[in-house]
Structure formats: C-alpha cells, structure tokens
Amino acid sequence: MCWSATADLVAGAGVAAVGVACVARVRSGRDLPLAALPLLLGAHQIVESVIWDSGGGSGPATVAWAVIALPLLAVWVPAGVMCAAPPHARRRLVLPLAAGAATAAVLAYGVATGPVTAEIRGRTVGYVLGLPHAPLLVTGYLLATVGSLLLSGDRRLLVLGILVAVGASVCWALWRLEFVSTWCAFAAVCSVVLFAWVRARLATPAEPRGPIAGH
C-alpha cells in the first residue's frame, strides 16, 4: 500500500487516527460501520509495514493483509453503505451487498486454502494468491465497493465513490508498473472524505422515529 515500511507505519497511524475521530463523532449506530472504515484501513497499512520488515513471504501478516483487503472489505463497504443509506436507497443496495457476500465467500476460501505470498518489488509489494475466475471476482468486488457508494443516495458518498473509482485506477496503474505504491495516500484521502461525511451527518437533523406525543 505504501513504498516502504516507514511510510506504511506513519500513514497507517494517521489514517487510524482519522478513524478514531470519525467514530468519536458518530451520532447514529447506523453510521458506525462506515465511520470505522478508516480504522480498518489504518490497521491494514500497519500490517503491511510488518510485511515490509519481514521481507515479504507467507507469514501471518501476509494472511492478515489478504483477509482485510479481499473478503472483509468486499462485505464491510456495501454493508456499511446500506446501514447508513437513506431508506429510499436501501432496496437498490441489495445487489451490491449480495455481490460482495458472494465475492467474499470465494475470496475467503482462496485465502484459507492458500498459500498467500508477498513479494517485495522495488518500492511496491506484490501479493500472489491463486484464485479462479479472477475477472469475475474483480467485477463482483468493484460492484460491491464502488457500486454501493455510487448507489448510496448520499451526495458525499457518491463523491467518495467517484474518488475511489478514479483513485484506485491510478494507484493500480502505478503499482502495476512497479513504479511506486500510492495506495496509502489514496486511503488517507478517502478517510478525510469520510471524516467530512461524519461531520456533515452531525449537522443533519435526525430522522423522526415516530409520532410526536400530543399530536
């Protein structure tokens, strides 16, 4: 995710701190999964700093990295979006959530049966995991993560979805060229957007929970 162990550690701590700030400001339990996403992304980067220090390989840190990156995020993001989405948008979010659950099941099986290995490639880390039907899995993963944000019915989450789509494409291209890994910077930007989303939710009047007494 970053270009060195130090960069991953520093960026991970920063992103996790944003996550703490997000969680501390949550007003509704429905917003908690999305608000906690920066905490998960920060932990993910800190785990990769351990992989850098160990020179790659297939140890517990590599497996933990794969679990977070693959099955966990494929479910966490669409589930979090569905929880936070306005009622009128939840029905259309069933498809991204179902795609995420199905994709996560296949990815979890792949990680469990392994092996998962990490290779240091200059200023990037490459992860190797044999998975069947890779294009289909990528499609399901993107539908679950990016698709749920785009269909969320929330303007700020829509902006985040566009940012994720564009930013992930750029980061993937740079990583594919083995030039430099910039995923950590991308995660930091997304975390700041989520912090702004949490603050905006604080300024939004709460939805009425039922009839007002006396009326």
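Using every pair of distinct Cα positions in region 49-138, the Kirkwood expression returns a hydrodynamic radius of 14.4 angstrom. Plainly put, the chain has a radius of gyration that is 1.00 times its Kirkwood radius, both from alpha-carbon atoms, as the Rg/Rh ratio. Ordered by 1.4 Å accessible area with all protein chains kept, Arg155, Arg27, Arg121 run largest first as Arg155, Arg27, Arg121. For the chain, hydrophobic long helices are taken as DSSP H runs at least 15 Å long by C-alpha position along their axis with mean Kyte-Doolittle hydropathy of -1.0 or more; these are 5-25, 37-54, 73-84, 94-113, 155-176, 183-203.
Measuring with a 1.4 angstrom probe and ignoring ligands and nucleic acids, His133 comes out at about 140 Å² accessible.
Each residue, Ile120 and Arg91, gets one label point 7 Å from its Cα in the Cβ direction; the gap between the two is 5.5 nm. Stokes-Einstein, applied to the Kirkwood radius of region 1-116 over Cα pairs at a viscosity of 0.890 mPa s and 25 °C, places its translational diffusion at 161 µm² s⁻¹. Averaging the sequence gap over all C-alpha pairs within less than 8 Å and six or more residues apart, then dividing by the number of residues, gives the chain a relative contact order of 27 percent.
Ligands, DNA and RNA excluded, the heavy atoms of Leu72 present near 60 Å² of accessible surface to a 1.4 Å solvent probe. Taken about its Cα centre, the chain carries a charge dipole of roughly 820 debye when the Cβ of each Lys and Arg holds +1 and the Cβ of each Asp and Glu holds -1.
The values are calculated or read from the model by the stated rules, or taken from the named source; none is laboratory data. Bear in mind that the values here come from a model prediction, so they are computed numbers and not experimental data. Every residue, glycine among them, receives a Cβ derived from its backbone with ideal geometry; neighbour counts consider all protein chains shown. Remember, those area values only see protein heavy atoms, side chains included, never the ligands or the DNA or RNA. Shrake-Rupley method; radii C 1.70, N 1.55, O 1.52, S 1.80 Å.
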